[in-house]
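A.B. asks: Let me begin by handing over the structure; questions about it come next.
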Amino acid sequence: MKYVVGVDLGTSAVKVLLMDQRGEVFREASKSYPSIHEKSGYSEQDPEEWVEKTVLTIKETVAGLDPGCVEGISFSGQMHGLVLLDEDHQVLRNAILWNDTRTTQQCLDIYELVGEKRLLNIAKNPALEGFTLPKLLWVKEHEPETYEKAAVFLLPKDYLRFRLAGEIHTEFSDAAGTLMLNISEKEWSREICEAVGVNLSLCPPLIESSGFAGYLMPEIAQETGLSEQVKVFAGGADNACGAIGSGILEEGKTLCSIGTSGVVLTYEESNEGDFGGRVHYFNHGKENAYYTMGVTLAAGHSLSWFKNVFAEDEHFDDLVKGLADVPIGAYGLLFTPYISGERTPHADAVVRGSFIGMDTSHKRIDFVRAVIEGITFSLNESVEIFRESGKKIDSIISIGGGAKNEEWLQIQADIFNAKIVRLTSEQGPGVGAAMLAAYGCGWYSSLNECSEDFTQVEKTYEPIIENVEKYKELYSLYKSIYQQTKELNQRLNGFRP
């Protein structure tokens, strides 16, 4: 039996899937690493942690196998992060992550220098704090000595791949999240770079997501127990790989992925759609295809935050025990998941979360239900945008942490008013990375053909009409909270560290 490895470099952990030629997960493992939060709004990681934990996880996953049976490896990775390397390809500072919000001023600078409309024409996305270019400009302004030493920047999974294979590249799906790529032309935008004063030479060479990026370096092969002949492929941004691993490879397919952040993603055949910057428009991991995406910044993160604060020593299963016994609306309790700011439809780095309607009768499980409903309400705002644009969304594939709990899947069906599909593996990004390796190795003639083996439906959840109507009423209340707390949060911001 032959195998491929899919590496998913997430925000909190790296996950490794070993998949066979039947499209089945043979083994999987993960290892976590910390984030660094020096100030409010700052979020960084040490790239060396990624490399160390990935090597250890691959070693654990392939232990006992004949090294020659693993043919390829590819990667999925957290988007937008900035890794700066000097001319010797040494890391200059910690990576600044996608959920770092220190760059509000740099976003305003980009609009002034490039023009908001022109930026949307070229990069197809607004200037938001999470993207890579604002981070690069922040380093240029606040750490000029570091910036002067920089020879190239990489996205997180591209740095990891470089350390494993020794080649410097990025690919289009991740480059699309930098604000420096001409999405339609599939090339770095000289116009944007010159307008903001960034040297085009800092941008790495571009290849396709399924593009060959070298072989494992001898020392990595030895450390992991793999062969030096393992082919390494470029991979893709986590959401692009999530789309591939969930079969979002043609028009009419929609994905809901709930990890640290949450996304609602739809396939786009062309680059001609116009959402006015309300949702993201990125290059797909499938060649010459695109996807649009709405984002909830703190989806699963809202639930993990609640657990860490109020149930730190308990298992997640204990936290959600009794969830189905709490009625819709959690006895009049609403939650907005803005604990890290918000992205869609409110591009607001300052707003923060709220519990509305608390009283002395509420129990912890009521708060858990409110958090889960609030996350799903936020994701529904993206579903609503897509429907308003004319898209028909009556079936949604759900992956990530939100696909592990039966009650949450039913909540998604009821709030989205759509059939929810759970796959045999909810780890879409890792599966997508493995599929890119399988396709790159020549196992299949197309990603669509590969998907027939690698993505299988396990169960579906139909919306319950009575629940749909109750949630419509609650959703209208939820949507009113942002405008009523926006100014309060702006005034509170001065009290934050």
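The values are calculated or read from the model by the stated rules, or taken from the named source; none is laboratory data. What you see is a predicted model; the values in this text were computed from it and never measured. Cβ sites come from the backbone with ideal geometry, for glycine too, and all protein chains shown count toward neighbours.
A.B. asks: Taking the criterion of being under 30 Å from N288 (Cβ atoms) and either in contact (Cβ under 8 Å) with a residue 40 or more places away in the chain or in the same structural domain as V70 (by TED's automatic domain parsing) (or both), would at least one residue in the stretch 410-417 satisfy it?
C.D. replies: Within the stretch 410-417, one or more residues are under 30 Å from N288 (Cβ atoms) and either in contact (Cβ under 8 Å) with a residue 40 or more places away in the chain or in the same structural domain as V70 (by TED's automatic domain parsing) (or both).
A.B. asks: Which condition from (1) surrounded by fewer than 23 Cβ atoms within 10 Å (Cβ to Cβ); (2) in a helix (DSSP H, G or I); (3) in contact (Cβ under 8 Å) with a residue 60 or more places away in the chain is the one that A240 breaks?
C.D. replies: Condition (1) is where A240 drops out.
A.B. asks: Now, a different point. Which of the residues spanning the stretch 118-159 are touching a Pro at 6+ places or on another chain (Cβ under 8 Å) and either of a type in the set (A, V, I, L, M, F, W, C) or not assigned by TED's automatic domain parsing to the domain that holds K53 (or both)?
C.D. replies: L119, L120, A127, L128, V152, F153, L154
A.B. asks: Considering only the stretch 339-350, state which residues are surrounded by 24 or more Cβ atoms within 10 Å (Cβ to Cβ) and within 12 Å of F377 (Cα to Cα).
C.D. replies: Of everything in the stretch 339-350, nothing turns out to be surrounded by 24 or more Cβ atoms within 10 Å (Cβ to Cβ) and within 12 Å of F377 (Cα to Cα).
A.B. asks: A further question on this structure: In the stretch 122-139, which residues are touching a His at 6+ places or on another chain (Cβ under 9 Å) and part of a helix (DSSP H, G or I)?
C.D. replies: If the condition is that a residue be touching a His at 6+ places or on another chain (Cβ under 9 Å) and part of a helix (DSSP H, G or I), then T132, K135 are the ones that fit.
A.B. asks: Can you find even one residue in the stretch 140-153 that is part of a strand (DSSP E or B), touching a residue at least 24 places away in the same chain (Cβ under 8 Å) and on the phi < 0 side of the Ramachandran plot?
C.D. replies: The answer is yes; a qualifying residue exists.
A.B. asks: Look at the stretch 97-109 and say how many of its residues are modelled with pLDDT of 95 or more and closer than 16 Å to T260 by Cα.
C.D. replies: 1
A.B. asks: Now for a different question. Exactly one condition in (1) touching an Asp or Glu at 6+ places or on another chain (Cβ under 7 Å); (2) under 28 Å from A243 (Cα atoms); (3) in contact (Cβ under 8 Å) with a residue 60 or more places away in the chain is false for S451; which is it?
C.D. replies: Every condition holds for S451 apart from (1).
A.B. asks: Would you mind finding the one in N493, N489, N467 that is of a type in the set (S, T, N, Q), surrounded by 13 or more Cβ atoms within 10 Å (Cβ to Cβ), over 30 Å from E71 (Cα atoms) and in contact with a Lys or Arg (Cβ under 8 Å, 6 or more places away or on another chain)?
C.D. replies: Of the residues listed, the single one that is of a type in the set (S, T, N, Q), surrounded by 13 or more Cβ atoms within 10 Å (Cβ to Cβ), over 30 Å from E71 (Cα atoms) and in contact with a Lys or Arg (Cβ under 8 Å, 6 or more places away or on another chain) is N489.
A.B. asks: Is it the case that V62 is under 21 Å from Y439 (Cα atoms), touching a strand residue (DSSP E or B) at 6+ places or on another chain (Cβ under 7 Å) and either of a type in the set (S, T, Y) or surrounded by fewer than 20 Cβ atoms within 10 Å (Cβ to Cβ) (or both)?
C.D. replies: no
A.B. asks: Here's another thing I want to ask about it. For residues that are under 23 Å from A234 (Cα atoms) and of a type in the set (V, I, T), scanning just the stretch 138-191, find the one that is surrounded by the most Cβ atoms within 10 Å (Cβ to Cβ).
C.D. replies: Taking the candidates together, the pick is T170.
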